[in-house]
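To start, the structure under review is shown below, and the notes come after it.
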Amino acid sequence: MTTTPKIVALCGGVGGAKLALGLASLESQPDISIVVNTGDDFNHLGLTICPDIDTVTYTLAGIANPDSGWGRAQETWSFMEALEALGGDTWFRLGDKDLALNTLRTQLLASGWSLSDVTSQFAHRLGVATEIIPMSDDPVRTILKTENGDLAFQDYFVRLKCEPAVSSIEFRGAESAAPAPRFAALLEDTSVDAFVICPSNPFISIEPILAIPSVRESLTRHAAPVICVSPVVGGQSIKGPTSKLMKELNMGASTWDIARYYGDFIDCFVIDEAD
């Protein structure tokens, strides 16, 4: 008698979402739980924005924008056009459909819902069967120390297009955060067969998850293997500023450097044939 494999994947945005989709699409139909980075979350235009959670949700729902990898397909932009005409801040693009989700999330959080509950509700409404879990219901914010001073992640990544040199990274609030309840339960679940680290940026997508107290230790002591998929092929990032950050943080930009970075707790490292 065969049993359904139980897999927990840790991921960030676009790159991680693609592997999450691949895992969810396996013919063996494993029991998949996707734990998503929330260090990129921020408040913008009075709204709570969760870019990585939304990218994973839209991707698994089959409605992600295939060209950008973020946002929704067949989006309209009336809100942004009106905002720009009024002199509003438009560096972070929110399509009309995306705006509806962010507005409702902000309302639900203000009324007492947890981020876990909101995320689960939206996934259900969009027809996603795979479990999507925020890394924490507590706020954790990725802050990059740069030549331009301290920058919140979206300021660095979107507004400044990753141009400032980075000297260090802080995960503000991580020390007092707790894993989301469902994530905490999975870390102690002996029926989990594998933890998979998706090919997301190690420093700004995966490290915020590992920075939450007890997470790294729980993964290390769990009997299930921790399998890492390299975000670098031939010294270049699959997506995003991984290789640029590695060089600025005085690391190499190879798969070996990624393996060494994770080396204290991973059991298997998946690389491209080019490496």
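The values are calculated or read from the model by the stated rules, or taken from the named source; none is laboratory data. These numbers come from a predicted model, not from an experiment. Note that we place each Cβ from the backbone using ideal geometry, even for glycine, and neighbour counts take in every protein chain shown. Note: areas computed on protein heavy atoms with side chains; ligands, DNA, RNA excluded. Shrake-Rupley method; radii C 1.70, N 1.55, O 1.52, S 1.80 Å.
Any chance you could look up the accessible area of Trp91 with a 1.4 Å probe, heavy atoms only, rounded to 10 Å²?
Here the residue's solvent-accessible area equals roughly 60 Å².
List the trypsin sites (Lys or Arg not before Pro) in segment 122-178 that DSSP assigns to loop (not H, G, I, E or B) and whose Cβ has at most 13 other Cβ atoms within 10 Å. Which are they?
Passing sites in segment 122-178 are Lys161.
Within straight cross-link reach of Lys244, meaning Cα distance under 19 Å, which lysines are found once same-chain residues fewer than 8 apart are removed?
In chain and number order, the partners are Lys145, Lys161.
Which order do Glu175, Glu170 take when ranked by solvent-accessible area (1.4 Å probe, heavy atoms of all protein chains), largest first?
Result, largest first: Glu175, Glu170.
With N denoting the number of residues in segment 100-179, provide Rg(C-alpha) divided by 2.2 N^0.38 Å, to two decimal places.
Against the empirical 2.2 N^0.38 Å value, I get 1.35 for segment 100-179.
Going 7 Å from the Cα of Thr4 toward and past its Cβ, which residues in segment 193-212 have a backbone nitrogen under 20 Å from where you end up?
The answer is 193-196.
Taking 25 °C and 0.890 mPa s as the conditions, I'd like the Stokes-Einstein D for segment 93-134 in µm²/s, using the Kirkwood hydrodynamic radius from alpha carbon pairs.
227
Tell me, how many Å apart are the Cα centres for segment 62-113 and for segment 122-169?
Taking the Cα centre of each part, segment 62-113 and segment 122-169 sit 16 Å apart.
Principal axis lengths of segment 110-235 from Cα atoms, whole Å, largest first?
46, 41, 30
Counting pairs of Cα atoms in the chain, how many percent are more than 31 Å apart?
Cα-Cα pairs in the chain separated by more than 31 Å: 23 percent.
Once the principal axes of the Cα atoms of segment 1-94 are found, what is the range along each, listed largest first in whole angstroms?
The principal-axis extents, from largest down, are 64, 26, 16 Å.
For the chain, which cysteines have no disulfide-compatible partner, meaning no other cysteine Cβ under 4.7 Å?
Cys50, Cys162, Cys228, Cys268
Per the helix-only calculation at 222 nm, which mean residue ellipticity applies to the chain, given -39500 (n - 2.57) for every DSSP H run of n ≥ 4 and division by its residues, nearest 500 deg cm²/dmol?
Calculated from helices alone, the mean residue ellipticity at 222 nm is -9000 deg cm²/dmol.
At a probe radius of 1.4 Å, what is the per-residue accessible area of Ser28, in Å² to the nearest 10?
80
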